[in-house]
1. Only one residue in I108, I74, I38, I83 is touching a Ser or Thr at 6+ places or on another chain (Cβ under 8 Å), within 16 Å of the ligand (Cβ to nearest atom) and not in a loop (DSSP other than H, G, I, E, B), so which one is that?
2. Which of the residues spanning the range 135-167 are surrounded by 21 or more Cβ atoms within 10 Å (Cβ to Cβ), within 13 Å of the ligand (Cβ to nearest atom) and not in a loop (DSSP other than H, G, I, E, B)?
3. Condition check: more than 14 Å from A137 (Cα to Cα) and touching a Ser or Thr at 6+ places or on another chain (Cβ under 6 Å). Does G26 satisfy that?
4. Filter the range 230-254 for residues that are over 15 Å from C284 (Cα atoms) and polar (S, T, N, Q); which is farthest from the chain's Cα centre (by Cα)?
5. Quick one: which residue in S303, S291, S347, S308 is surrounded by fewer than 17 Cβ atoms within 10 Å (Cβ to Cβ), more than 30 Å from R170 (Cα to Cα) and either hydroxyl-bearing (S, T, Y) or not assigned by TED's automatic domain parsing to the domain that holds L410 (or both)?
6. Looking at the structure I just gave you, is Y61 of a type in the set (S, T, Y), within 16 Å of the ligand (Cβ to nearest atom) and crowded, with 18+ Cβ neighbours inside 10 Å?
7. Being within 12 Å of the ligand (Cβ to nearest atom) and under 30 Å from G123 (Cα atoms) is the filter here; which residues of the range 259-271 pass it?
8. Report those strands (runs of 3 or more DSSP E) wholly inside the range 307-368 carrying at least 1 residues which are within 16 Å of the ligand (Cβ to nearest atom) and either among the charged types (D, E, K, R) or modelled with pLDDT of 95 or more (or both).
Amino acid sequence: MSKIVVVGANHAGTAAINTILDNYEGNEVVAFDANSNISFLGCGMALWIGNQISGPDGLFYQTKEQFEAKGCTIHMECPVEHIDFDAKVVYAKDKDGVAYEESYDKLILATGSLPILPRFEGGDLENIQQVKLFQDAKEVVDKLENPSIKTVAVVGAGYIGVELAEAFQRNGRHTLLVDMAPTCMANNFDPEFSERMAQNLADNGIEAHYGEGVDRFEGTDGKVTKLVTNKGSYDVDMVCVCIGFRPNNELVKDSGMKLFANGAILVDRHQQTSIPDVYAVGDCATIFNNSLDGEPGYIALASNAVRSGIVAGHNIGGTALETAGVQGSSGICIYDLKMVSTGLTESAAKRAGIEVKTTTVTGCQKAPFIEHDNPDATCKIVYDANTRAILGAQIASTYDMHGNINMFSLAVEKKVTIDELKLLDIFFLPHFNAPYNYITLAALQAE
Ligand SMILES: Cc1cc2nc3c(=O)[nH]c(=O)nc-3n(C[C@H](O)[C@H](O)[C@H](O)COP(=O)(O)OP(=O)(O)OC[C@H]3O[C@@H](n4cnc5c(N)ncnc54)[C@H](O)[C@@H]3O)c2cc1C
């Protein structure tokens, strides 16, 4: 019987708590969360703003009551303020000022990430929004009830910014998308893919300003009215800043716990930190990146958060389990364009100093004689020029081909070579794919 204290009960914390409660009997689990809700799926925020779903109710999958029914003690709106790692005690205080002092045998840190909000001049003007919590999303949705908000600028053209740009446009607002990078989603895709998405955004009326850095905001009567970049000045009624997230290490930064370069908590393959009996999971922690030879890295995704919570839960419960690491697999669907990626892009490989080769094929998704709903898909595979191991892949199509990227994800994890892919048993059925499908063709034509 162990007493397990969990700090943070969103995706990673929830996965850890459920793993312990569902698989191991006799433990006492006490959780603290600073927020008033659990398990908000941020990915649904853009769908809600863009009126593609009827409301936010389905964006939660876990409640406080469900935890309590399983025997967990959970304190909401109760931030942990301090941890004494020597005495193994957690100190928290709820919104009514009630203080809690909880000892632990094992501690799980699942404090997540915080939006990066640079101190731009005018940054505290009204209607400059951030995107992270359910409350942030609700505030934006409520403000959009006001028809005088006609133009919205999204700052940051990563996958969240691109999703939000689509959402504001679907919501009937004139939408600007601003990023210092020369194109959108430059971290997840190579330029030829990003350019296709940029064209898709432009075709749908989004006014993009790539290669422009925000300088300041200006306002009238306390409300934002202008976004000023190094290249221009734009009239706006609302600004959404989504330029990235940083690990929330507030509770440990002065503890001597080992941290990664960006401040994420360094963990081993059991999710254990450098302090005994303390585990870290989700966005606050590092993750092993298989496309960079298993190096610790930082890839903040809900999918990774859940898996790391499961790993920590089993290790604490008594089943030794090592994480397999991740490839940073992700996908995006904007209007009808779907793009998915895993592992390294060619650009990222070059930045990391890895000598790679690539092979790209564009072909119809289904057998060529299928006359309807048979768009082209473009598949690019990145592989190590020396070992020939597949390091990454990207696919784009208006057809929903997303499942293919999961095969590439496993290929990267298992270090499958481009040559092994050539004769892989990829089934053929005209309704689904072509006898000479684009994956096989890309592998066959690899140098
Ligand atoms: C708009 C948006 C869209 C996204 N889309 C996707 C997507 O499509 N796919 C995907 O995989 N990922 C997506 N993500 C990323 C995903 O949401 C995060 O990776 C995920 O939330 C990480 O979960 P977590 O539990 O580690 O951290 P968080 O979600 O950050 O949760 C941390 C929890 O810790 C609590 N906490 C922090 N400090 C304390 C403290 N001192 N005391 C008590 N509690 C504390 C917080 O209140 C919070 O509940 C998206 C994120 C956003 C913002």
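The values are calculated or read from the model by the stated rules, or taken from the named source; none is laboratory data. Just so we're clear, the structure is a prediction, and the values are computed from it rather than from any experiment. Virtual Cβ from ideal backbone geometry, glycine too; neighbours counted across all protein chains shown.
1. Working: I108 fails: touching a Ser or Thr at 6+ places or on another chain (Cβ under 8 Å); I74 fails: touching a Ser or Thr at 6+ places or on another chain (Cβ under 8 Å); I38 fails: not in a loop (DSSP other than H, G, I, E, B).
Step by step, each of I108, I74, I38, I83 is checked, and only I83 is touching a Ser or Thr at 6+ places or on another chain (Cβ under 8 Å), within 16 Å of the ligand (Cβ to nearest atom) and not in a loop (DSSP other than H, G, I, E, B).
2. A137, V140, V154, Y159, I160, G161, V162, E163, L164, A165, E166, A167
3. Details: more than 14 Å from A137 (Cα to Cα): yes; touching a Ser or Thr at 6+ places or on another chain (Cβ under 6 Å): no.
No; evaluated as a whole, the condition is false for this residue.
4. S233
5. On the way: S303 fails: more than 30 Å from R170 (Cα to Cα); S291 fails: surrounded by fewer than 17 Cβ atoms within 10 Å (Cβ to Cβ); S308 fails: surrounded by fewer than 17 Cβ atoms within 10 Å (Cβ to Cβ).
Among S303, S291, S347, S308, only S347 is surrounded by fewer than 17 Cβ atoms within 10 Å (Cβ to Cβ), more than 30 Å from R170 (Cα to Cα) and either hydroxyl-bearing (S, T, Y) or not assigned by TED's automatic domain parsing to the domain that holds L410 (or both).
6. Details: of a type in the set (S, T, Y): yes; within 16 Å of the ligand (Cβ to nearest atom): yes; crowded, with 18+ Cβ neighbours inside 10 Å: no.
In short, no.
7. At the first step, the residues of the range 259-271 found to be within 12 Å of the ligand (Cβ to nearest atom) are 264-265, 271.
Of everything in the range 259-271, those that are within 12 Å of the ligand (Cβ to nearest atom) and under 30 Å from G123 (Cα atoms) turn out to be A264, I265.
8. Here the list reads 330-334, 337-343.
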